[in-house]
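Step one of this worksheet: look at the structure below.
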Amino acid sequence: MTLAAADMSFDVLLEQHYHFRAAMAQQPENYLIVNESRDIEAAHAQGKTAVIWNSQTATVLDGDLKKMALLKDMGIKSMILA
């Protein structure tokens, strides 16, 4: 699942992430958050959607690399840097 368009702030990214997490929590039978590669296979075997969090942009960091640790804790696995 891709979060954060180029014009979004870090706060908007957080709101968006929590919104999607809450929606998925209401339907746990449909989603599996991917933490490692075998989770993708598990989701497929269980008929669930495997969710890999991604940010389309690094602009949400606003130059503060300390935010990377928070994004990692939130489960965001990749970020487009360019």
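Cβ-Cβ contacts under 9 Å between residues 6 or more apart (or on different chains), taken from a first residue in segment 59-80 that is at positive phi to a second residue that is surrounded by fewer than 14 Cβ atoms within 10 Å (Cβ to Cβ) and of a type in the set (Gly, Ala, Ser), are listed as ASP62/SER9. Here is the figure for segment 37-82: residues that are of a type outside the set (Val, Ile, Thr), part of a helix (DSSP H, G or I) and closer than 15 Å to PHE10 by Cα total 8.
Only residues that are surrounded by 11 or more Cβ atoms within 10 Å (Cβ to Cβ), modelled with pLDDT under 90, outside any helix (DSSP H, G or I) and of a type outside the set (A, V, I, L, M, F, W, C): list them for segment 1-36, please. Matches in segment 1-36: THR2, SER9.
The values are calculated or read from the model by the stated rules, or taken from the named source; none is laboratory data. Being a predicted model, the structure only gives us computed values, none of them experimental. Using ideal geometry, Cβ is built from the backbone for each residue, glycine included, and neighbour counts are taken over all protein chains shown.
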